[in-house]
Amino acid sequence: MRVKYIALSAFDAFRTHRSRALLTVLGIVIGVAAIILVMSLGSGARELITAQIGQMGAGTVVVLPGSGNPTDLGTLFLDSLTRRDLDALRRPQNVPNLAEIMPEVIVSGVVTYRGERYTPAAIAGGSADFFGKTFNVYPDSGSIFTEADIEQQARVAILGHTVKVELFGESDAIGEYVSIRGTRLRVVGVYPKTGQVAFSDVDDLVLVPYTTAQTYLAGINHFQSFIIKADDPANVDKLTHDIEATLRESHRLEPGQDADFSVMTQQALLEQVSTILGVLTAFLSSVAAISLVVGGIGIMNIMLVSVTERTREIGLRKALGATRRAIMQQFLVEAVVLTLVGGIIGMLLGGLFAFLASLALGATVASDWQFVFPIEAVILGVGVSTLVGLVFGLYPAAQAAKKSPIEALRYE
Amino acid sequence: MTLIEAQELQQTFETDGMVTAVLHGISFSIERGEFVSIMGPSGSGKSTLLHILGFLSDHTGGTYRFNGRTMAEHTEDEIAQVRNEEMGFVFQSFNLLGRASVYDNVRLPLLYSRRPEREWDGRIRSAVERVGLMHRIDYETYKLSGGERQRVAIARSLVNEPRVIFADEPTGNLDTASGRAVMQILQELHDVQGHTIVLITHDVEVAEYANRMLFLRDGSIERDTPILERRKAEEFVSTTRKERDLI
């Protein structure tokens, strides 16, 4: 039988029992929609994080305490990065390709100014000079704090745009004093509206000298990370190697002993994020896939009902010359048409939900979250729903093909 | 030329260990161009015989040749092809696809044939023309009267130009007038166009539209006689034609 007519008759069968068919494919619709949603959000997250890592620049390396193993959850509390490490890394004979280094101390807290209170996303102890050179972010009013301020643990701060507006409104902030954790800090600069730069929202940030953050805000004498810039992105591998060697020596690690720090290059970060997101997406997708199996069983059930209902029709077709193969094809195609229609509806719904979810995420979590509709999801949606139709349509189709024409014609 | 040849044909069924013989070794042959009715009361085995003649079921003893070949000489797909291209079937309960149009119903056997698609439309229209239903060609068949439905079934049986038409109680579900209209079409197909027709019926009146009658009783042929005073559907043409045109 010609494929065209098989498909036409399959669509006829679908049309005749429209509401039954739609209810039957609901499982497929939900399964495919869920997979599309997960894949779309997964891709959105990947693009966002990739873009942020990209802003770090290819020549930037991050040193974190802890082994770098994602399961090592104690990272935030480790104090393995110290002033001694900083000095060792700064020595050109140790790490010749190091152009800039900034230790980072992140604290959380409330910023107050004359009764106004605001909690920024981050209060970072770092270097304003490094910020400018690495991320090209400079205050548009006031100035940066200097290396001398860092040396002297000066109680100064640069405010992000949002923080400034929340506390000061339209009035000038330069020279005013804000309080964080009981320490008064003089505002020396305000960053212009910038947005997201390498993992942090500059607008929602207060930058203070890292020494100040250590002493007055966090009360610690270690660092949470070092951000290091290479003299040339081509030298990142050598830079990484030198940093590792220097820190191992500074930490007095024996050869073969596990490092209590990790050096992340942009490449390594990308790979790690990619792996984590991939695993997460695969896991969530396989949960959604259970719905496809359930949906497939629904398809099988309804196809068996249909085969019984249409016993006479099958008998007639066989009497008129349909081969087993032709009957088999007809019912398989009907099952595939069912699941494919479900798959297409599921894709559209999944796309819609993903779009709404990215609008919501864009409005709340990350302002530059993009809606992504991955082409693999479409291929997967169509492929998987066709496959479900084939697999779960096979048994009913075989039952139909097996019917003998006279038994079938006699059936009332 | 002999089209249908049965020798000592036997059919027995076994249900729950009980063996029932339905056909007790019957022999006859039908030449090309004949119009034969197989008549008998219910339970005489005529439907069983038709299934064997139509290659719809196998038999347990004797031999049956259609166009010189037995069922066993064909593969399953070839049997389907013989049914498709060399036999036409008309059933008591029409067996149409109700939601499909007259055109699509008549097309059904072509879907399974090897005939090139460009011939289809011409064949379908010519078959529908021959049963006088051109004015209904796009109607869904559930909207038609019983007589019209049976004419659609006849058109469907004709569309592949078969060697023989097997009609199983074609008037069984019809009133007298529609039944006559159907019989008239069958007679025309035989008398004018030379089709071979095998008609199964329990009704002696219907059987007498044929030229020859096999009378079946209890699984054996009791009589095999030519019909001398053949019933002519045309005698009723004045009424049926009018009726046909009116519908």
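Among the candidates A:239, A:217, A:277, which residue alone is away from chain B (no Cβ under 14 Å), closer than 30 Å to residue A:378 by Cα, in contact (Cβ under 8 Å) with a residue 24 or more places away in the chain and not hydroxyl-bearing (Ser, Thr, Tyr)?
Working: A:239 fails: closer than 30 Å to residue A:378 by Cα; A:217 fails: closer than 30 Å to residue A:378 by Cα.
Exactly one residue qualifies, and that residue is A:277.
Within the stretch A:150-198, being free of Cβ contacts under 8 Å to residues at least 12 places away in the same chain and either buried (at least 17 other Cβ atoms within 10 Å of the Cβ) or acidic (Asp, Glu) (or both) holds for one residue alone: A:170. Scan the stretch A:1-26 for residues that are within 14 Å of residue B:112 (Cα to Cα) and not small (Gly, Ala, Ser) and the total you get is 6.
If you go through the stretch B:136-159 and keep only what is among the β-branched types (Val, Ile, Thr), within 14 Å of chain A (Cβ to nearest Cβ) and outside any helix (DSSP H, G or I), you end up with just B:159.
Name every residue in the stretch B:14-41 that is within 14 Å of chain A (Cβ to nearest Cβ) and in contact (Cβ under 8 Å) with a residue 12 or more places away in the chain, in order of residue number.
Listed by number, the list holds a single entry, B:22.
Beta carbons closer than 9 Å, at least 6 apart along the sequence or on distinct chains, pair a first residue in the stretch A:1-26 that is more than 9 Å from chain B (Cβ to nearest Cβ) with a second that is among the hydroxyl-bearing types (Ser, Thr, Tyr) and buried (at least 20 other Cβ atoms within 10 Å of the Cβ) for A:13/A:306; A:17/A:24; A:17/A:306; A:25/A:339; A:25/A:385. Out of the residues in the stretch A:118-136 meeting the condition of being part of a loop (DSSP other than H, G, I, E, B) and touching a strand residue (DSSP E or B) at 6+ places or on another chain (Cβ under 6 Å), tell me which one is surrounded by the fewest Cβ atoms within 10 Å (Cβ to Cβ). For the stretch A:118-136, the residue satisfying everything is A:121. Identify, by number, the condition in (1) more than 11 Å from chain A (Cβ to nearest Cβ); (2) assigned to a loop (DSSP other than H, G, I, E, B); (3) closer than 23 Å to residue B:76 by Cα; (4) not acidic (Asp, Glu) that residue B:162 doesn't meet. Of everything listed in (1) more than 11 Å from chain A (Cβ to nearest Cβ); (2) assigned to a loop (DSSP other than H, G, I, E, B); (3) closer than 23 Å to residue B:76 by Cα; (4) not acidic (Asp, Glu), residue B:162 misses just condition (1). Summed over the stretch B:197-212, residues that are closer than 17 Å to residue B:31 by Cβ and either without any contact (Cβ under 8 Å) to a residue 24 or more places away in the chain or surrounded by 21 or more Cβ atoms within 10 Å (Cβ to Cβ) (or both) total 4.
Please find, among A:406, A:379, A:345, the residue that is in contact with a His (Cβ under 6 Å, 6 or more places away or on another chain) and either outside any helix (DSSP H, G or I) or surrounded by fewer than 21 Cβ atoms within 10 Å (Cβ to Cβ) (or both). Before the answer, list the steps.
Numbers: A:379 fails: in contact with a His (Cβ under 6 Å, 6 or more places away or on another chain); A:345 fails: in contact with a His (Cβ under 6 Å, 6 or more places away or on another chain).
Residue meeting the stated conditions: A:406.
Residues that are in a helix (DSSP H, G or I), of a type in the set (A, V, I, L, M) and at the interface with chain A (Cβ under 10 Å from one of its Cβ atoms) were ranked within the stretch B:73-124; the one that is farthest from residue B:139 (Cα to Cα) is B:79.
If you check residue B:65 against the conditions, is it out of contact with any Asp or Glu (no Cβ under 6 Å at 6 or more places or on another chain), more than 10 Å from chain A (Cβ to nearest Cβ), surrounded by fewer than 22 Cβ atoms within 10 Å (Cβ to Cβ) and not β-branched (Val, Ile, Thr)? The answer is no for residue B:65. So in the stretch B:125-135, with the set limited to residues that are surrounded by fewer than 23 Cβ atoms within 10 Å (Cβ to Cβ) and in contact (Cβ under 8 Å) with a residue 40 or more places away in the chain, which one is farthest from the other protein chains (Cβ to nearest Cβ)? Here the residue is B:132.
Any idea which of B:174, B:189 is in contact with a Lys or Arg (Cβ under 8 Å, 6 or more places away or on another chain), buried (at least 21 other Cβ atoms within 10 Å of the Cβ), free of Cβ contacts under 8 Å to residues at least 60 places away in the same chain and not polar (S, T, N, Q)? Outline the logic, then answer.
Working: B:174 fails: in contact with a Lys or Arg (Cβ under 8 Å, 6 or more places away or on another chain).
After applying the criteria, what remains is B:189.
With respect to residue A:321, determine if the residue is within 14 Å of chain B (Cβ to nearest Cβ) and surrounded by 23 or more Cβ atoms within 10 Å (Cβ to Cβ). Judged against the criteria, residue A:321 is a match. With respect to the conditions (1) touching a helix residue (DSSP H, G or I) at 6+ places or on another chain (Cβ under 9 Å); (2) modelled with pLDDT of 90 or more, residue A:199 lacks only one, and its number is (2).
Residues considered: B:51, B:59, B:24. Of these, the only one that is crowded, with 19+ Cβ neighbours inside 10 Å, on the phi < 0 side of the Ramachandran plot and in contact with a Ser or Thr (Cβ under 6 Å, 6 or more places away or on another chain) is B:51. Among the residues of the stretch B:46-62, those that are of a type outside the set (A, V, I, L, M) and within 14 Å of chain A (Cβ to nearest Cβ) comprise B:46, B:47, B:48, B:51, B:54, B:55, B:57, B:58, B:59.
Would you check if there is a residue in the stretch B:105-119 being without any contact (Cβ under 8 Å) to a residue 40 or more places away in the chain and crowded, with 18+ Cβ neighbours inside 10 Å? Lay out the reasoning, then the answer.
Of the residues in the stretch B:105-119, the ones without any contact (Cβ under 8 Å) to a residue 40 or more places away in the chain are B:111-112, B:114, B:116-119.
Filter once more, keeping what is crowded, with 18+ Cβ neighbours inside 10 Å: B:111-112.
Within the stretch B:105-119, one or more residues are without any contact (Cβ under 8 Å) to a residue 40 or more places away in the chain and crowded, with 18+ Cβ neighbours inside 10 Å.
The values are calculated or read from the model by the stated rules, or taken from the named source; none is laboratory data. All values reported here derive from a predicted model rather than from experimental measurement. Counting neighbours? That spans all protein chains shown, and the Cβs are built from the backbone with ideal geometry, glycine included.
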